[in-house]
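The values are calculated or read from the model by the stated rules, or taken from the named source; none is laboratory data. If you're wondering where the values come from, they're calculated on a predicted model, not measured in any experiment. Glycine gets a Cβ as well: all are built from the backbone with ideal geometry, and neighbour counts include every protein chain shown.
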């Protein structure tokens, strides 16, 4: 059975990514593997949280993500395809590539957030990392285009 790996981050684009992945899975008579990775807490100073607090924060993030992932899986299952979910902890890029190999993904479907080049330079882009290193085809779902406001009709006085 063909496998579509679907990394999600619960952002507004998640619904569109899942819809596209389910459409693809139906077309290839495959299954969907939803993947969410909870990034580790970022330490920005020596005065940051204690190790004990980091463990608590990580556990809370994992529990919250697990509940969200279960909701997304339940909703996606209405698309009548086989769906499995995986919840991991760590940096998303390497984990996505690792899971793609582990589940023998035939495709990866993920979203693009439409950040600026400057943002990607500073923070990095998971999508770019996957495109560069993936061994299987990658479908990138773009963010919805912002609609321009209609010009106001001016009435003559």
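Before moving on, here are some points about what is shown:
- For the residues 33, 44, the requirement of being modelled with pLDDT of 95 or more and either farther than 19 Å from residue 92 by Cα or not in a loop (DSSP other than H, G, I, E, B) (or both) singles out 33.
- Filter result for residue 1 (at pLDDT below 95, in contact with a strand residue (DSSP E or B) (Cβ under 6 Å, 6 or more places away or on another chain) and in a loop (DSSP other than H, G, I, E, B)): yes
- Check on residue 86, surrounded by 14 or more Cβ atoms within 10 Å (Cβ to Cβ), modelled with pLDDT of 95 or more, more than 13 Å from the chain's Cα centre (by Cα) and under 20 Å from residue 111 (Cβ atoms): no
- Residues that are assigned to a helix (DSSP H, G or I), without any contact (Cβ under 8 Å) to a residue 60 or more places away in the chain and closer than 19 Å to residue 22 by Cβ, drawn from region 80-96: none
- Candidates 7, 94, filtered to the one that is under 19 Å from residue 126 (Cα atoms), in contact with a strand residue (DSSP E or B) (Cβ under 7 Å, 6 or more places away or on another chain) and modelled with pLDDT of 90 or more: 7
- Any chance residue 22 is under 20 Å from residue 125 (Cα atoms) and surrounded by 15 or more Cβ atoms within 10 Å (Cβ to Cβ): no
- Of all residues in region 103-124 being at pLDDT below 75, within 18 Å of the chain's Cα centre (by Cα) and not in a loop (DSSP other than H, G, I, E, B), the one that is surrounded by the most Cβ atoms within 10 Å (Cβ to Cβ): 120
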